[in-house]
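What follows is one structure encoded as structure tokens, with my remarks underneath.
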Amino acid sequence: MMRVFGVLCVVLLGCWGAAEVRAHTHHLHSTKEREADGSRTPRDHVHFEGGEHHSEFDHEAILGSTKEAEEYDQLPPTEAKRRLEVLLLKMDRNNDKNIDRKELHSWILRSFRMLSEEESAERMDEVDEDEDGYVTWAEYILETYGINNPDDQKLLEKEDQAEEQRLLREDRQLFNAADKNIDGRLDEEEFLAFSHPEEHPDMLPVILEQTLEEKDTNKDGNIDFQEYIGDKEFMEEYESAPERREVVKKHHMRFSVLDVDGSGVLEGQEVAGVAYVDKDIAEDEVDHLFGAADDDGNDILSFLEVLEHHDVFVGSEATDYGDHLHNLDRFEDEL
């Protein structure tokens with residue numbers, strides 16, 4: 001069963017379903033931030049917000065680094081184009097001087113993995129109080145919840161702290177699952193699994209349990225569409241809001257794909273088989289970039305088309321460019 005999980009590279013709907021509907025859109029910076037209900041913000045949650053397009057998401061999806069996307073702002077267009085062309089040579093797996101959808105999709109997924117590593121490293125620096133290269137549970141709850149004594153049984157007992165209690169409990173479960181050598185502390189690799197559990201197959205059993213606990217509101221062991229959406233008020237109002245109708249329609253389509261047996265609910269492996277969020281977001285991003293740059297409509301991006309629309313892909317934005325290319329080499333064999 002776990003081998004199936006690994007092959008599918010799945011992420012469970014608790015990490016994104018309700019958050020995506022509430023926000024409608026996503027953003028790379030906040031990929032794993034916890035929402036009030038404990039779900040994790042989808043990677044692109046402010047790509048489009050209030051009808052406004054935020055180009056930072058596109059740039060990060062190509063560069064694989066928030067820092068580099070910010071640094072690109074300092075480059076003149078000519079330099080941005082020159083460096084983008086170097087990336088295109090790496091992106092172009094069959095060396096035909098064009099970028100097809102599969103190549104762009106693979107590249108964006110690689111960027112997402114790099115962004116996860118960058119986010120995790122930054123977060124670990126914040127939490128690792130004694131700077132010994134490890135994060136203990138005591139360090140984590142002190143920085144995250146302001147709790148000084150992890151053994152205090154009276155922590156977060158106030159009624160208005162129910163959500164914090166649940167998040168603390170779930171974080172403890174994830175921490176224990178990520179601590180592979182059971183030494184009570186997380187190294188860099190373990191902390192990556194802890195901070196981005198939905199991207200690590202070994203963490204999926206915990207995510208599955210937490211997702212069912214949170215989303216299966218009638219406790220029947222299944223997840224129906226209302227539970228999948230997770231926002232009753234949104235559903236009640238969507239008839240009068242065309243933009244909401246489109247979001248619900250999109251979720252209906254995804255739900256139908258997941259509901260393999262057509263029973264109207266997600267059960268068993270269907271729950272565990274919710275499509276990997278980054279894969280879906282990467283597909284949407286491919287559509288967006290092709291829509292912006294495929295001038296001749298042949299469903300292929302030539303180098304010239306990409307460079308002519310360099311502002312869409314990278315803007316005039318990356319110093320430390322050699323470091324980025326070095327980081328990309330680490331993923332060459334993963335495509």
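Per residue of the range 105-110, in order, report the coupling 6.51 cos²θ - 1.76 cosθ + 1.60 (Karplus, θ = phi - 60°) as ³J(HN,Hα) in whole Hz, putting x for Gly and Pro.
For the range 105-110, the Karplus curve yields 4, 4, 5, 5, 4, 5 Hz.
State, to one decimal in nm, how far the label point of K90 lies from the label point of D125, with both points 7 Å from Cα in the Cβ direction.
Inter-label distance under the simple model: 2.0 nm.
With every protein chain kept in the model, how would you rank E119, E71, E164 by accessible area, 1.4 Å probe, largest at the top?
E164, E71, E119
Roughly speaking, what is the stretch gain from Q161 to Y145, that is 0.36 nm per residue apart minus the C-alpha to C-alpha distance, in nm to one decimal?
4.6 nm
Given 0.36 nm per residue, what is the gain on full extension from N218 to D295 after removing their alpha carbon distance, in nm?
That pair, N218 and D295, stretches by 22.7 nm at full extension.
Hey, rough spin-label estimate for R82 and D187, points 7 angstrom out along Cα→Cβ, what's it come to in nanometres?
In this crude label model, R82 to D187 measures out at 4.1 nm.
Could you sort out which of K219/K250; K67/K215; K97/K249; K90/K250; K67/K249; K102/K215 sit more than 28 Å apart by Cα distance in this structure?
Among K219/K250; K67/K215; K97/K249; K90/K250; K67/K249; K102/K215, the Cα-Cα distance tops 28 Å for K67/K215; K97/K249; K90/K250; K67/K249; K102/K215.
Can you compute the FRET efficiency between S55 and S256 using 1/(1 + (r/R0)^6), with r the Cβ-Cβ distance and R0 = 30 Å? Round to the nearest 0.05.
0.40
Apply 1/(1 + (r/R0)^6) to the Cβ-Cβ distance of D202 and D73, taking R0 = 56 Å, and write down the FRET efficiency to the nearest 0.05.
That pair, D202 with D73, gives E of 0.90.
Figure the gain on full extension for Q173 and L307 (residue separation times 0.36 nm, minus the Cα-Cα span) and round it to one decimal in nm.
Answer, rounded to one decimal: 43.6 nm.
What accessible area, in Å² to the nearest ten, does a 1.4 Å probe give for M253?
120 Å²
What does the highest-first list of 292-299, 103-110 look like by mean Cβ count within 10 Å?
103-110, 292-299
Could you sort 55-62, 258-265 so that the peptide with the highest average Cβ count within 10 Å comes first and the rest follow in order?
Ranked by mean Cβ neighbours within 10 Å, highest first: 55-62, 258-265.
The values are calculated or read from the model by the stated rules, or taken from the named source; none is laboratory data. All figures in this text were calculated on a predicted structure; none of them were measured in a lab. We place every Cβ from the backbone using ideal geometry, glycine too, and count neighbours over all the protein chains shown. The area values use the complete protein model at the heavy-atom level, side chains included, leaving out ligands, DNA and RNA. Shrake-Rupley method; radii C 1.70, N 1.55, O 1.52, S 1.80 Å.
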